[in-house]
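**Q** Structure provided below as structure tokens; questions to follow.
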Amino acid sequence: MNLDDHIGIFVRNAHLSISSYVKKQLEPFNLAPEQTLIMMMLWKKNGIYPNELSTELNKDKANIARMIVSLEKKGYIIREDDPSDKRTFKVYLTKEGKHLESLVVPVLRKTNNTVINGIPEEKLVDMQNLISKMINNSIEGNK
């Protein structure tokens, strides 16, 4: 089998290319693409446990902890202890983090539109279904 024929390489290369483009678009905001995913979750629901972030983003707790620290240092989020369980905390947006939504969301929309430019809606639906099928196949293959 030729490496160019391997679907995993093709999907990886697409991911790297898109991630590189998104990263460049987010540079003015000092946000990495994965940090933006945390911010998007917080813009949707302010006050999230790290475990929720880890589960939703399919990232290990150590990775989430590093991103939380980084976003805190940037002034976009704060941690607040959970009064009902002192062993954990929730992550909340700061004023700057809330304001960032109005700046970043239009950039993300434009970035998404650029990436999917020229692809008919039905092809995008097909692609999402195909990628979901590949994900499910790989999960089943790991059992």
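The values are calculated or read from the model by the stated rules, or taken from the named source; none is laboratory data. These numbers come from a predicted model, not from an experiment. Counting neighbours? That spans all protein chains shown, and the Cβs are built from the backbone with ideal geometry, glycine included.
**Q** Examine segment 8-30 for a residue that is out of contact with any His (no Cβ under 8 Å at 6 or more places or on another chain), aliphatic (A, V, I, L, M) and outside any helix (DSSP H, G or I), and state whether such a residue exists.
**A** No.
**Q** Right, another one. Restricting attention to segment 1-27, which residues are of a type in the set (S, T, N, Q) and loosely packed, with under 15 Cβ neighbours inside 10 Å?
**A** Scanning segment 1-27 gives Asn2, Asn13, Ser17, Ser19, Ser20.
**Q** Kindly list, by first and then second residue, each pair from a residue in segment 120-143 that is in a helix (DSSP H, G or I) to a residue that is modelled with pLDDT of 95 or more, limited to pairs with Cβ atoms under 8 Å and residues at least 6 apart or on different chains.
**A** Leu124/Ile116; Met127/Ile119
**Q** From the list Asn46, Asn30, Asn117, exactly one residue is free of Cβ contacts under 8 Å to residues at least 40 places away in the same chain and either surrounded by 15 or more Cβ atoms within 10 Å (Cβ to Cβ) or polar (S, T, N, Q) (or both). Which is it?
**A** Within the list Asn46, Asn30, Asn117, the selection yields Asn117.
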